[in-house]
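Trainee: This structure is in structure tokens; I'll ask about it shortly.
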Amino acid sequence: MKVLVVDVGGTHVKVLASGQSEPRKFDSGPDLLPRSMVREVKKITRDWDYDAVSVGYPGPVLHNRPVAEPHNLGCGWLGFDFENAFGHPVKLINDAAMQALGSYKGGKMLFLGLGTGLGSTMIVDGIVQPMELGHLPYKKSIYEDYVGERGLDRLGKGKWRRNVEDVVARLIAALEPDDVVLGGGNVKQLKTLPPGCRAGDNANAFIGGFRLWENAEVGVPRAPGSSDHSPTGQKGAPPWTQ
């Protein structure tokens, strides 16, 4: 089975399909509607073949559906029929959770995505738990206003980096993870990583999208160096596909 992974972000929509080596993308933004997103994805992938779709959505997801409109895109995402629009089976997951899944190596991992906002996900023994930590109170506003894109633009790199280090330290102290991954497009703006962290890669979102369909049929790509076993070290279907 060939899978198309669609990573919907606040500034770009990026796509990659099984058997392809180079992602493609187009601009998103506050006016992007779900129907126009699907139309543009189909347009730039018209020469790709795929049987199923994974969509990383920038907001909370429950039972394969958005449960809130995205903060940085247009409206109309609630109740949108992704499977009918794509004409293929679709698995929808929070975008930070998808990148976290692609970064996961086992145990209790905290993923924080430094992008347009602050994405956040915990994975514990293969069980994916998306979170919305970026909207918790912090200083005079919320976390993502200080460590997201707006904070970087408003405060400058120096203050932004200090806020990132402070926020990461607070979340590590509260959640006590074994492993912390910092991903998102702005992780490259850090001179050094906060203690106890490793850098993720935006490409891991595609690995996470492929992993959603693992064991559904033979032929779905896996993370480089992985085997038929899940990252948890257990045989059979990994927890996130069940």
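Trainee: On alpha-carbon atoms, Rg over Rh for the stretch 113-217 using Kirkwood Rh?
Mentor: Ratio of gyration radius to Kirkwood radius: 0.99.
Trainee: Can I ask one more? Taking amide H positions as placed in the peptide plane 1.01 Å from N, state which residues far from Asn202 in sequence (5 or more) or on other chains have amide H under 5 Å from it.
Mentor: Gly184
Trainee: Cβ under 15 Å from Tyr57's Cβ, Tyr57 left aside: what net charge do those residues give with Lys, Arg +1 and Asp, Glu -1?
Mentor: Local charge sum for Tyr57: -2.
Trainee: Next question. Output the Kirkwood hydrodynamic radius of the stretch 2-53, Cα pairs only, in Å rounded to one decimal.
Mentor: Kirkwood radius, the stretch 2-53: 11.2 Å.
Trainee: Could you tell me what percent of the accessible area of the stretch 154-206 is made up of carbon and sulfur, with a 1.4 Å probe and every protein chain present?
Mentor: That share works out to 50 percent.
Trainee: Mind putting a number on the dipole of the stretch 1-123 about its Cα centre? Charges go on the C-beta only, +1 for Lys and Arg and -1 for Asp and Glu, and I need it in Debye to the nearest 20.
Mentor: 200 debye
Trainee: Next up: Give the dimensionless ratio obtained when the Cα radius of gyration of the chain is divided by 2.2 N^0.38 Å.
Mentor: 0.97
Trainee: Using a 1.4 angstrom probe on heavy atoms only, work out the carbon and sulfur share of the accessible area of the stretch 1-130 in %.
Mentor: Carbon and sulfur atoms account for 49 percent of the accessible area of the stretch 1-130.
Trainee: Ok, one more. Name the residue, out of Ala169, Ala199, Ala97, whose mean-square fluctuation peaks in a Gaussian network model built on the chain with Cα pairs under 10 Å.
Mentor: The residue that fluctuates most here is Ala169.
Trainee: May I pose another question? Test of understanding: in a Gaussian network model of the chain with alpha carbons linked when under 10 Å, which of Ala205, Ala96, Ala68 would top the mean-square fluctuation ranking?
Mentor: Ala68
Trainee: Using a Gaussian network model of the chain with C-alpha springs under 10 Å, which one of Leu133, Leu92, Leu212 is most mobile by mean-square fluctuation?
Mentor: Highest fluctuation of the listed residues: Leu133.
Trainee: With every protein chain left in place, what is the accessible area per residue of the chain in square angstrom, probe 1.4 Å?
Mentor: Per residue, the chain has 48 Å² of solvent-accessible surface.
Trainee: Using alpha-carbon positions, what is the distance between the centroids of the stretch 90-110 and the stretch 131-180, in Å?
Mentor: The two parts, judged by their Cα centres, are 19 Å apart.
Trainee: Name the shape class, rounded, prolate or oblate, that the alpha-carbon gyration tensor gives for the stretch 40-112, where a ≥ b ≥ c are the square roots of its eigenvalues, rounded holds for a/c under 1.5, and otherwise prolate holds if a/b is larger than b/c and oblate otherwise.
Mentor: Verdict is oblate for the stretch 40-112.
Trainee: Explain nothing, just the number: dipole magnitude of the chain about its Cα centre with +1 on each Lys and Arg Cβ and -1 on each Asp and Glu Cβ, in debye rounded to the nearest 20.
Mentor: 620 debye
The values are calculated or read from the model by the stated rules, or taken from the named source; none is laboratory data. Just so it is clear, the structure is predicted and the values come from calculations on it, not from any experiment. As a convention, Cβ positions derive from the backbone with ideal geometry for all residues, glycine included, and neighbour counts pool all protein chains shown. Surface areas here come from the heavy atoms of the whole protein model, side chains and all, with no ligands, DNA or RNA. Shrake-Rupley method; radii C 1.70, N 1.55, O 1.52, S 1.80 Å.
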